[in-house]
Amino acid sequence: MVQGALNYAESRGNSFVIIDPDPDAVTSGAVNSLVDSYPDSGYGSVYYPMVRMIDPTKSGPAAVRTTFPGGAIAGAFVRTDAQRTVAKTPAGYNTDLRNTLGLATKVSDAFISAVYDNGVNCLKAVPGAGVVVLGGRTLSKVRPDEYIAVRRSLNFIKQSIRDISRGAVFEPNGPLLWSSLSTSISKFLTTFWGQGGLKGNSASQAFYVVCDESNN
């Protein structure tokens, strides 16, 4: 199932898979063994452990359930995107999981270190901050695809340029069209650079657009 989801995300080019933990894997060795069976892919990331949340089917002090964190992680992704763009890793002490009461399994710093290099992003209950995300790795072992922010930024750029170029499909393929596309794409990339999405002291250092007779 994980491989199928990752293959689908990669084929789309604009998607990312949040992978829930296996509740039966409670040691770092078991978690690493499970993750080793997953494909080497930059299009997904694994989170651990299970979380404790309010159970809407119950009432009273026992209205709590152990559940998968994927939905809350997705919420953290969306919130970070809105506040800081996809170039910001959805992790850190300011990235708490809303409506999460705690963790089903307590994770130590040694546990976090043991699984992080294998692409597992741990959650940690921090007094005063709630349950926070401490990790920004994908399942890829190769840079730059091993970082969530990089892969999602590339996805965002690709999809945005597709959308910008959609109206050019039936236009005459010539210098006027190339110039129009270059201007529109440069404007988009300049905005993304200005938001901190691309490196460089200036837009010209951050990117360049080629749309001329050399590639048309």
So, relative contact order of the chain in percent, Cα under 8 Å, 6 or more apart, is 20
Ellipticity estimate at 222 nm from DSSP helix runs (n ≥ 4, -39,500 (n - 2.57)) divided over the chain, nearest 500
-12500 deg cm²/dmol
For segment 55-95, the fraction of alpha-carbon pairs in successive 10 Å shells from zero, as %:
26, 35, 25, 13, 0
Residue-ordered couplings for segment 139-148, obtained by feeding phi - 60° into the Karplus form 6.51 cos²θ - 1.76 cosθ + 1.60 and rounding to whole Hz (Gly and Pro as x), are 7, 7, 9, 10, 6, x, 5, 7, 10, 4
If R0 is 35 Å, what FRET efficiency do you get for Lys199 and Arg65 from their C-beta distance, rounded to 0.05?
0.20
Among beta bridges assigned by DSSP with both residues in the chain, the antiparallel ones amount in percent, to the nearest 5, to 70
Which length gain, in nm to one decimal place, applies between Asp24 and Arg12 when the Cα-Cα distance is subtracted from 0.36 nm times their residue separation?
1.2 nm
Once label points are set 7 Å from the Cα along Cα→Cβ at both Ser186 and Ile54, what is their separation, rounded to one decimal in nm?
5.2
Using a 7 Å offset from the Cα along the Cα-to-Cβ direction at both Ser108 and Leu177, what is the distance between the two label points in nm, to one decimal?
6.3
Could you pull the Rg and Dmax for the chain, using just the Cα atoms, both in Å?
20.5, 69
According to the Kirkwood expression over distinct Cα-Cα pairs, how big is the hydrodynamic radius of segment 130-174, in Å?
13.1
Beta carbons within 10 angstrom, averaged per residue: use that to sort the peptides 130-143, 189-202, 7-20, highest first.
130-143, 7-20, 189-202
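Quick note: the coordinates plus some simple rules give every number you see, no bench work behind them. Computed from a predicted structure; not experimentally measured. Positions of Cβ are backbone-derived with ideal geometry, glycine not excepted, and every protein chain shown enters the neighbour counts.
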